Amino acid sequence: MLSNRYFKSILWLIGFGGMGYGLMLLTEPNVEKIERIKASVSSTKLSEDDQRKALFMKKLQEASTTSAPIYSSSADK
């Protein structure tokens, strides 16, 4: 039974799928950690590059909360 390639494929699929799911749950940030990171970043003295990065992150965050695709939301505005 262990020599059957389909059986091995299913075992590998279950194994790596379980590891991926476990890592996803393990590395999920909590609300307190996110708030602490936001508080540590001072928005008063950001360079131009940092401002662009912050704007990009804001756009990504907005896109993650809506069902509209990110590429069409910038064209509509």
All positions within segment 1-15 that are in a helix (DSSP H, G or I) and not aliphatic (A, V, I, L, M): Arg5, Tyr6, Phe7, Lys8, Ser9, Trp12, Gly15
Count of residues meeting criterion [over 14 Å from the mean Cα position of the chain (by Cα), hydrophobic (A, V, I, L, M, F, W, C) and under 21 Å from Lys58 (Cβ atoms)] in segment 13-40: 3
Given (1) at pLDDT 90 or above; (2) surrounded by 10 or more Cβ atoms within 10 Å (Cβ to Cβ), index of the condition Lys58 fails: (1)
Scope segment 42-55; condition over 18 Å from the mean Cα position of the chain (by Cα) and either modelled with pLDDT under 70 or surrounded by 10 or more Cβ atoms within 10 Å (Cβ to Cβ) (or both); matching residues: Ser42, Ser43, Thr44, Lys45, Leu46, Asp50, Gln51, Arg52
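The values are calculated or read from the model by the stated rules, or taken from the named source; none is laboratory data. These numbers come from a predicted model, not from an experiment. Using ideal geometry, Cβ is built from the backbone for each residue, glycine included, and neighbour counts are taken over all protein chains shown.
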